[in-house]
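Each value in this text was obtained by applying a stated rule to the coordinates, not by laboratory testing. These numbers come from a predicted model, not from an experiment. Cβ atoms come from the backbone with ideal geometry, glycine included; neighbour counts cover every protein chain shown.
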Amino acid sequence: MKCASRGLSAVVLESGSSEGASRKETGLGAVEIVTPHHAAAELIRAQGIGGTSRLWGGRCVALDDIDFERRDHVPFSGWPIPHAEIAAYYDEALTFLGCGASAGMWPDEPSKAGGDIDTAMLERWSAAPDIRRLHGASLRASPNVRIYADRTVAGIRLNAEGERATALTVKSRSGHSVEVEAKSFVLAAGGLENARLLLAAQRDWPQKFGGPDGPLGRFYCGHLTGYLAAVRFKDQSFARDLWYKRNRNGSHLRRRLALSHHAQLEHRLLNAAFWLDSFSVADPAHGSGALSLLYVGLSMLGLHPRLGSGMAPSPTEPQSRSYGLHLSNVRSDPKLITGMLHVLSQLVRNRLGQKMFALFNPGNRHLLRYHAEQAPNPDSRVQLGEWQVGSPPGLRVDFRIHPQDIESVVRSHEILDSWLQEQGIGRLDFLADPEDRSQIVLNQALDGYHQIGLTRMSEDPTDGVVDRDCRVHGTANLFVAGSSVFPTAGQANPTLPAVALALKLGDFLCKLP
């Protein structure tokens, strides 16, 4: 869209339908996953206009300056560009993603700040995360955009010297094959498919993309996420600083807690962020008489499934035992009436039965969700699998979790706990004893959605696949878009910076002769 708005002619080749994204895959090669920590292929890919935005929850978070630095304690870290080059496009990316520009959003700082924890970080939520619905009409109306659906890119043709892409081999659903020529080519198929196409081309050009033992398809990383603790606040003030707010355009935003730049370097930790989640109303561990009374009442009427179980794990107590604990919460809550009025106001405001983000707990106890960086690891990789004539090559996914990833998550929680107590805010209630915490984090480790690092950006062609402009090293007119070019993952969900980087790439393409 950026190129088309500047007068360039753009052709979009979409493997799926023009009617919207679908998880029903056609034309793509098989994916063999050899690790328990990677989600199944059908859960992480969606074909069709708009792609995986159909699966996207709408969360938008900026990267941090430290993510771009070379850190001694993080192997293979550092970007060839500063954060400022991407940050310059954040406002445009937020608008494109349906969040509205960031100016004027939530100017007040929280009541506590400083030290090992950064409290100023914002996450914004798109009011319209389905990109096809948001921008489909504009795409169809543009005289400079041509969309060909049900067309799968099967290969990349290079010139005799291997210095330029000359065409893409494209197959229709019926199996008919054509060559599509262009001035410039951009692979924007998601990390796994970007890597598959380049790995397939490398079979014909073994020394391209860093060679057979080079960086292509390696350094596969994402984020560790899950629950290791709950937060017990002394009062509601700081918790409310971290809770959801509604923006003027109807989208939501809230604050995250994160390890500060100083803390990461001093304690030699990977980046990590934390946010509040609701306990299921069915789980008496929330400690709120108001939520317990709500659950018991709705349960008796058979209506509690309409409220859902929130974003948190379901309770493990038998229902008979659970009712007793709920009634204990009700009896021991000195602010039961006030809390109940607050809960009811949330339900009315969010219109019971429609999508709700979460219920704020008047009992001052919330689950703590972590979202943590993985260190780049060259042994975490994808490779081509079986290749049958007439079909795309298979892909073998070996997505690895390193002990450093696990240890950093556990230590980050300990630092946050100390900070909460030092600031007089509250404390963490860990969900496991110290000797079991690493295993709890490992058991929850699962990604494959963010697909970072497979075509990483670098200054030196031996260290990465694309240069600072997302151009494939040694190939003048072949580019890659998406989070697969990120050298490191940071703590942020990758959608916002990936779109910002795509907008930056669009500007670069428009300036080419």
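Using θ = phi - 60° and the Karplus relation 6.51 cos²θ - 1.76 cosθ + 1.60, list the HN-Hα couplings for the range 429-435 in order, rounded to whole Hz, with x at every Gly or Pro. Rounded to whole hertz, the list is 9, 5, 8, 8, 5, x, 6. When +1 charges are put on Lys and Arg Cβ atoms and -1 charges on Asp and Glu Cβ atoms, the dipole computed for the range 108-219 relative to its Cα centre reaches about 680 debye.
Amide H contacts under 5 Å for GLY448: ALA39, HIS223, restricted to partners 5 or more places along the chain or on a different chain, H placed in the peptide plane at 1.01 Å from N. Between TYR148 and ASP65, the FRET efficiency estimated from the beta carbon spacing at R0 = 45 angstrom works out to 0.65. For THR166, the amide hydrogen comes within under 5 Å of the amide hydrogens of ARG157, LEU158, ASN159, counting only partners 5 or more places away or on other chains and with H modelled in the peptide plane.
Size estimate for the range 110-181 follows the Kirkwood approach: the inverse of mean 1/r over distinct Cα pairs works out to 17.2 Å. Under a 5 Å amide H cut-off, with hydrogens placed 1.01 Å from N, GLU69 pairs with TRP79 among residues at least 5 apart or on other chains.
Residue-wise HN-Hα couplings along the range 467-481, as the Karplus relation 6.51 cos²θ - 1.76 cosθ + 1.60 with θ = phi - 60° gives them from phi, are 8, 5, 9, 6, 8, 4, 3, x, 10, 4, 10, 10, 10, 10, 10 Hz; Gly and Pro carry x.
Per-peptide packing, taken as the mean over residues of other Cβ atoms within 10 Å, places 441-453, 119-131 in the sequence 441-453, 119-131 from highest down. Stretching the chain fully between ALA182 and ARG157 yields a gain of 7.9 nm (0.36 nm per residue, less the alpha carbon separation).
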